[in-house]
Amino acid sequence: MDLAPGGPGLQRPRLPRARPLPDGAPGWPPAPGPGSSGPGPRLGCAALRNVSGAQYVGSGYTKAVYRVRLPGGAAVALKAVDFSGHDLGSCVREFGARRGCYRLAAHKLLKEMVLLERLRHPNVLQLYGYCYQDSEDIPDTLTTITELGAPVEMIQLLQTSWEDRFRICLSLGRLLHHLAHSPLGSVTLLDFRPRQFVLVDGELKVTDLDDARVEETPCTSSAKCILEFPARNFTLSCSAQGWCEGMNEKRNLYNAYRFFFTYLLPHSAPPSLRPLLDSIVNATGELTWGVDETLAQLEKVLHLYRSGQYLQNSTAGSRAEYQHLPHSTIPQEDYRCWPSYHHGSCLLSVFNLAEAVDVCESHAQCRAFVVTNQTTWTGRQLVSFKTGWSHMVPDPNKNTYVRAQLTS
């Protein structure tokens, strides 16, 4: 992908002029390492010859990201050094060596490409390939081709269902467990902010790895093992081998607590799960658990929720009977509730019919509900709750339940 300026700090993508990697270039392509779950990069410059719909997504200090559609129709992300970016611009202003400054900036992209390949995991963005080409006056500029994700917008996430927010926290727990036990050793993310992650079909994935570090911090005493954060510090032990014990893992875990868990885990959760969720938030906030125990507890929450066991102490006997009207739906008569899968109505997930009745009984305005054939990522059915049933229409994929009579 050739890049040209497209406004202050931005670039306008141009279709790439494919050029093969010169023979003898060291270390490319990166061979599949012990962390790989599949073959090395598959796509190259040929895949980018006829891309369409190129859109600028965003940029940081070093790199710019673009969304393009491949000839086969698949949408992917392209990442390259931002020629109008901070890192390249400040280097050129100081040293005047444009090619050398590009190579310095491209080192981050190279490092990220290797780590994406070595750290393959469902919660690490997939690397599809790369392309070397000439761009402007610089030969062999690098473009990486990756899976396309959506930016993590915390304000939007706070308005989503607890089930979807829990999925993000579970994804993060699984990622941190993988990073703590990776084939490269314990990997820490020095730049750990929501913008370093993307969402792919509801799963959280880390995308920015150029600031990742594999080595643990060397030390001569525990005084050298202070983990510093804006709100508080932690002092860790210095091992006999001269490394701060678990610093990489604990840095990741506390960042997960302060950027994700504390906001996304407890709020609007099922009441019976809140004590366990509070324990997870408190333990990660105090670093009394490591990633192994944190993930074990997150997986326990998933099991309780998916199996319906969390309902054992939270459901009550029904105060009303409901009449089943099969193969029908109520197209209107909606009301809003929070959190809902649809902002204009009350669309929630339930484990079974008994939970749907309990939800309807807990809402003063609910007089009926429609069970759809749609399910969430945990297999729970989506149910639309209604204020009445004055107008019903046939629908082979839905079943309606209306309140029949109150019991004394």
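The values are calculated or read from the model by the stated rules, or taken from the named source; none is laboratory data. This one's a predicted model, so the numbers in the text were calculated from it and none came from an experiment. Here Cβ is always computed from backbone atoms with ideal geometry, including for glycine, and neighbour counts include all displayed protein chains. These accessible areas exclude ligands, DNA and RNA; they are computed on the full protein's heavy atoms, side chains included. Shrake-Rupley method; radii C 1.70, N 1.55, O 1.52, S 1.80 Å.
When the range 39-50 is filtered for residues that are modelled with pLDDT of 85 or more, surrounded by fewer than 20 Cβ atoms within 10 Å (Cβ to Cβ) and under 15 Å from residue 146 (Cβ atoms), the ones remaining, listed by number, are 43, 44.
Out of the range 187-199, which residues are among the hydrophobic types (A, V, I, L, M, F, W, C) and farther than 13 Å from residue 172 by Cα? If the condition is that a residue be among the hydrophobic types (A, V, I, L, M, F, W, C) and farther than 13 Å from residue 172 by Cα, then 187, 190 are the ones that fit. For the range 252-281, residues that are surrounded by fewer than 21 Cβ atoms within 10 Å (Cβ to Cβ), farther than 24 Å from residue 190 by Cβ, without any contact (Cβ under 8 Å) to a residue 40 or more places away in the chain and within 22 Å of the chain's Cα centre (by Cα) total 2. Kindly evaluate residue 124 against the criterion of being open to solvent by less than 40 Å² (accessible area, probe 1.4 Å), of a type outside the set (D, E, K, R), in contact with an Asp or Glu (Cβ under 9 Å, 6 or more places away or on another chain) and in contact (Cβ under 8 Å) with a residue 60 or more places away in the chain. When the stated conditions are applied, residue 124 does not pass them. Flag: residue 76 does not match the condition of being touching a Lys or Arg at 6+ places or on another chain (Cβ under 9 Å) and without any contact (Cβ under 8 Å) to a residue 12 or more places away in the chain.
Residues satisfying the criterion are present in the range 333-348 (criterion: surrounded by fewer than 18 Cβ atoms within 10 Å (Cβ to Cβ), closer than 28 Å to residue 156 by Cβ and among the polar types (S, T, N, Q)).
At pLDDT 90 or above and over 22 Å from residue 266 (Cβ atoms), is that true of residue 391? Yes: the conditions hold for residue 391.
Taken over the range 62-75, the criterion of being surrounded by 14 or more Cβ atoms within 10 Å (Cβ to Cβ) and of a type outside the set (Gly, Ala, Ser) is satisfied by 62, 63, 65, 66, 67, 68, 69, 70.
In the set 171, 239, only one residue is small (Gly, Ala, Ser) and surrounded by fewer than 21 Cβ atoms within 10 Å (Cβ to Cβ); that residue is 239. The residues of the range 187-222 that are in contact with a helix residue (DSSP H, G or I) (Cβ under 7 Å, 6 or more places away or on another chain), crowded, with 20+ Cβ neighbours inside 10 Å and over 16 Å from residue 146 (Cα atoms), listed by number, are 187, 188, 189, 192, 212, 216.
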